[in-house]
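Asker: This is the structure, below, for whatever I ask next.
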Amino acid sequence: QVQLAESGGGLVQAGGSLRLSCAVSGQSFSNYAVGWFRRSPGKEREFVAAINRSGGTTSDSVKGRFTISRDNAENTIYLQMNSLKPEDTAVYYCAFTRTKYMPRVPGAYEFWGQGTQVTVSS
């Protein structure tokens with residue numbers, strides 16, 4: 001059973017930065033993909049970023065501000081978020097899929113963390 005645990009959320013002012021962590025246990029992700037999604041109140045879960053052994057990708061809404069990275073030795077995925085905006089306020093989830101690709105739809109991911117709240121004040 002794969003388990004994921006997010007951390008690093010919090011309250012930050014617009015323009016600030018946060019780094020989210022996703023610790024993966026029960027399965028090495030070296031050959032698979034891990035993604036970050038977010039959900040704002042009243043909205044659908046939105047793709048943010050994903051990473052596999054070849055590299056990472058981000059959504060257009062966060063491109064140039066967010067960076068996804070991985071530490072294979074620690075089995076941890078990071079999401080560095082810079083230049084945060086109030087519209088980035090959401091619960092952020094990491095998710096794991098047993099595929100080498102980087103899907104952008106939530107349904108492609110088999111395991112999910114509990115989420116971490118990010119609040120950006122204006």
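The values are calculated or read from the model by the stated rules, or taken from the named source; none is laboratory data. Bear in mind that the values here come from a model prediction, so they are computed numbers and not experimental data. FYI the Cβ positions are ideal-geometry reconstructions off the backbone, even for glycines, and counts take in every protein chain you see. When the accessible area is computed, the model is the full protein with side chains, heavy atoms only, and any ligands, DNA or RNA have been set aside. Shrake-Rupley method; radii C 1.70, N 1.55, O 1.52, S 1.80 Å.
Asker: Please name whichever of Q117, G26, F37 sits farthest to the positive end of the charge dipole of the chain, dipole taken about the Cα centre and charges placed at Cβ: Lys and Arg +1, Asp and Glu -1.
Answerer: F37
Asker: Heavy atoms only, probe 1.4 Å: what % of the accessible area of the chain goes to carbon and sulfur, would you let me know?
Answerer: Values: 2750 of 6130 Å².
The nonpolar share, carbon plus sulfur, comes to 45 percent.
Asker: As an exercise, use a Förster radius of 30 Å and the Cβ-Cβ distance of T57 and Q117 to find the FRET efficiency, rounded to the nearest 0.05. Can you show the working numbers first?
Answerer: Working: r = 24 Å, r/R0 = 0.80.
My answer for the efficiency is 0.80.
Asker: Still on this model: For segment 41-113, which trypsin sites (Lys or Arg not before Pro) are both in a DSSP coil and crowded by at most 15 other Cβ atoms within 10 Å? List each step's numbers first, then the result.
Answerer: On the way: sites: K43, R45, R53, K63, R65, R70, R98, K100, R104; in loops: K43, R45, R53, K63, R65, R98, K100, R104.
Within segment 41-113, the qualifying trypsin sites (Lys or Arg not before Pro) (loop, at most 15 other Cβ atoms within 10 Å) are K43, R53, K63, R65, R98, K100, R104.
Asker: What is the Cα centroid distance between segment 80-102 and segment 1-73, reported in whole angstrom?
Answerer: For segment 80-102 versus segment 1-73, the Cα centre distance is 4 Å.
Asker: With θ set to phi - 60°, apply the Karplus curve 6.51 cos²θ - 1.76 cosθ + 1.60 along segment 23-37 and write out the HN-Hα couplings as whole Hz, x wherever there is a Gly or Pro.
Answerer: Per residue, the Karplus-derived 3J(HN,Hα) values read 8, 10, 10, x, 6, 6, 9, 4, 9, 10, 10, 10, x, 10, 10 Hz.
Asker: May I ask you to compute the full-extension gain from N31 to R98, defined as 0.36 nm times their residue separation minus their alpha-carbon distance, rounded to one decimal in nm? Please report the intermediate quantities before stating the final value.
Answerer: Details: separation 67, 0.36 × 67 = 24.12 nm, distance 0.81 nm.
Length gained, N31 through R98: 23.3 nm.
Asker: Set the Förster radius R0 to 25 Å, insert the Cβ-Cβ distance between E74 and A108 as r into 1/(1 + (r/R0)^6), and round the FRET efficiency to 0.05.
Answerer: On the way: r = 24 Å, r/R0 = 0.98.
The formula returns an efficiency of 0.55 here.
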